[in-house]
Amino acid sequence: QSEVERYSDIFNLMLRYVPWLEDELKIMDAPEFDKVANKLTKGMSDQRSMDLGSVKHAGLAYIPFKMNTTFTLDPPLSKGEDKSDRGFNHPQIARLLCPRKKLHLFDEDEAGYVTMIALQTGAIPVTVYNWPSFFYEDGVYDPQNRLRGLFQGHIAWRFYVHLFIGPSAAAKGVVTSNTAKRAKNRAWTLTEVTPHIIAYVHVIAYFTLTAEQKWTNATGNIDLAEMAWTIVDMFENRDEWTRETLEW
């Protein structure tokens, strides 16, 4: 998609929830338009900040495949605001962020530190098009079919449940919430998972695992906006993989 097409998609998605906006925009003068645009931009930024704050520490609990087992990151992470010990600075998290096609290097490197340094120095390229390991279903990867298991990882699924259904549901591994607070999927009358939701969840999960302290559009060689749109574009062709992934 071109940049114009992407913005058009976002605008049309917004109109689902504020259908009156289109007619109002036609009669607004420039100052009114700027005011609305600023409110929308601030609203998106505030929602992203709330989501990032919600999963900053809670999201780490979603790393193990089985959540009902005792799991600790080694070395343990800071419980404060500092995230400098995450990302490629932590062997277990670096393994999750490592491009899936290079994950075998971690298995050959018992402690993981040699591979971790290779990721830090760029000896192992980390780009938008080299999907990180946790984007894939656990234990599933076919070099001849890189779509197999893609966007079906347990970590991203739990982030989705946390953000769109509720933290308690994510912690229990269920898709219903009994909390009084309305979940996003109900508040926004979401009846299905869309490519944009999948992209958002994966970007939020990726950023949570990185060592970045505050939101930034790029981390290392990864442009997070480009990552999001690349994911969305993956679903442009309504083929069997698209259907199965959205249904999953």
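Please treat every number below as a calculation from the coordinates, not as lab data. These figures come from a predicted structure and were not determined experimentally. Neighbour counts are summed over all protein chains in view; Cβ atoms, including those assigned to glycine, are modelled from backbone coordinates with ideal geometry.
Based on the Cβ-Cβ distance of residue 172 and residue 6, what FRET efficiency does E = 1/(1 + (r/R0)^6) give at R0 = 41 Å, to the nearest 0.05? Numbers along the way, then the final one.
Numbers: r = 36 Å, r/R0 = 0.88.
Approximately 0.70, to the nearest 0.05.
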Filtered hits (aspartates and glutamates, Cα-Cα < 20 Å from residue 172, offset >= 8 within chain) -> 51, 137, 138
Residues of the stretch 68-107 with backbone N under 20 Å of the label point set 7 Å from the Cα of residue 213 along Cα→Cβ are 77-90
Here the alpha-carbon Rg of the stretch 1-81 over 2.2 N^0.38 Å rounds to 1.73
Burial-style ranking of 157-166, 41-50, 208-217, average other-beta-carbon count within 10 Å with highest first, yields 157-166, 208-217, 41-50
Distance in nm between pseudo-label sites at residue 129 and residue 72 (7 Å out along the Cβ direction from Cα) | 4.3 nm
What value, in deg cm²/dmol to 500, does the helix sum -39500 (n - 2.57) over DSSP H runs of n ≥ 4 give at 222 nm once divided by the residues of the chain?
-> -15000 deg cm²/dmol
Can you give the Rg and Dmax of the stretch 44-98 based on its C-alpha atoms, in angstrom?
-> 12.4, 36
Taking a quarter of the surface of the Cα convex hull of the chain, what do you get in nm²?
-> 15.4 nm²
